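Undergrad: Mind having a look at this structure? Questions to follow.
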Amino acid sequence: MSRPDASGNVDLTPIFYDALETRSREEREAALMAALPEQIAHAKKAAPGFAQILAEVDSEAVSSRQALARLPVTRKSDLAELQKRMPPLGGLNATPVEKLAKIFVSPGPIYDPEGRGSDWWRTARGLYAGGFRAGDLIANTFAYHFTPAGSMLESGALALGCTVLPAGIGQTEMQVAAIRDLGVNGYIGTPSFLKLIVEKADELKADISCLVKAQVGAEYLPPALRKAMGERGIGVTQMYASADLGLIAYESVMPDGSVNEGMILDEGLILEIVRPGTGDPVSAGEVGEVVITTLNRDYPLIRFKATTRPRSNHRSEVKLALSLKGEAACVSLFSRASYLEPLPWRPVQVFR
């Protein structure tokens, strides 16, 4: 299949990022379950923290979701204490620190690794699904300071063959000038900062019509903002990622440029939905918390609950709650500001 770009030209690149996306649900599940025992064995052998956490686990016996559900859950809220006991990464890293590429610092403090492989965070897949292609010039406005978001999305963009402007956050006038002068056609960052850039361009009467695509995350995306950007010729998709797991889920665009309803779970993750505060999987139709097992060899998180801690400040946080319904998992993305008061949220679906 082919898709028209913003100018009406036909893009002959494939709709799918790779063959993994063409698998049936049964093929995908079989491949994930086949990889699971070896990944658990690897975590136990190479990551001293998991050697303790999974000490009583027979790796070869964990080849089904039922067996996986009997393993203990490691929570993001556990990381600070684990890292104090076994610095710097709580013994959850299978690759020694001296062989990693980067270490980031999140509030807590919590330390997060990045390995040396290409597209280590797997964000290229989500960017591709959002319409980003080799040759795009992208302004990456996620922070590059301490936290991994900037590096996370840059690595995916570079893996696609895009050129990256490492803009970071702030300095809206300079952002507008760079987009205009360089002909930047893609944006990566938060939806609220995209809005600020567009408003600053209007204030300066600067032509940034070159900007035609955006992938946003880390905040709630109001439907009205997506609609307003679309009316300006900027197609917006969103992705969900974390500093621990990298890409988790993402939206995709149709050949006509419209956005599919729902978010697609990344190919390299095993997702479970459990009752809050437990490791017990929910029944079909129940809402629960996300627990993920990753096939990452450097940082093999097994049954990891990535929900962030509540904070008593005014920075919104994105959280994820899901319920199983038939062939898909229904996901609600919503923001919680100070005092954990819920803001408007939008139900979509994460397809597995």
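Each reported figure results from applying straightforward, stated rules to the coordinates on display, with no laboratory input. Quantities reported herein were computed from a predicted structural model and do not represent experimental measurements. All Cβ positions, even for glycine, are placed from backbone atoms using ideal geometry, and neighbour counts span all protein chains on display.
Undergrad: What is the diffusion coefficient of the stretch 15-136 in µm²/s, taking the Kirkwood radius over Cα pairs and the Stokes-Einstein relation at 37 °C with a viscosity of 0.692 mPa s?
TA: The diffusion coefficient I find is 195 µm²/s.
Undergrad: Another question about this same structure. How do the peptides 209-217, 60-68 rank, highest first, by the average count of neighbouring beta carbon atoms within 10 Å per residue? Write down the numbers at each step before the final one.
TA: Numbers: 209-217: 23.1, 60-68: 14.7.
Descending mean neighbour count gives 209-217, 60-68.
Undergrad: Would you mind checking the pairs K205/K227; K102/K195; K76/K200 and listing those with alpha carbons more than 28 angstrom apart? Let's see the in-between values first.
TA: Working: K205/K227 21 Å; K102/K195 31 Å; K76/K200 37 Å.
Flagged as over cut-off: K102/K195; K76/K200.
Undergrad: Listed highest first by mean packing, meaning other Cβ atoms within 10 Å per residue, what order do 40-50, 198-208, 97-107 come in?
TA: Numbers: 40-50: 19.7, 198-208: 15.4, 97-107: 13.5.
Ranking the peptides 40-50, 198-208, 97-107 by packing returns 40-50, 198-208, 97-107.
Undergrad: Please arrange I302, I273 by counting, for each residue, the other beta carbons lying within 10 Å of its beta carbon, fewest first. Show your work: numbers first, answer last.
TA: Numbers: I302 27, I273 23.
Result, fewest neighbours first: I273, I302.
Undergrad: Run through all the Cα pairs of the stretch 153-228 and give the fraction in each 5 Å bin from 0, expressed as whole percent.
TA: For the stretch 153-228, the binned pair fractions read 3, 15, 27, 27, 19, 8, 1 percent.
Undergrad: To the nearest µm²/s, what D does Stokes-Einstein give for the stretch 79-120 at 37 °C and 0.692 mPa s, using the Kirkwood radius over alpha carbon pairs as Rh?
TA: 310
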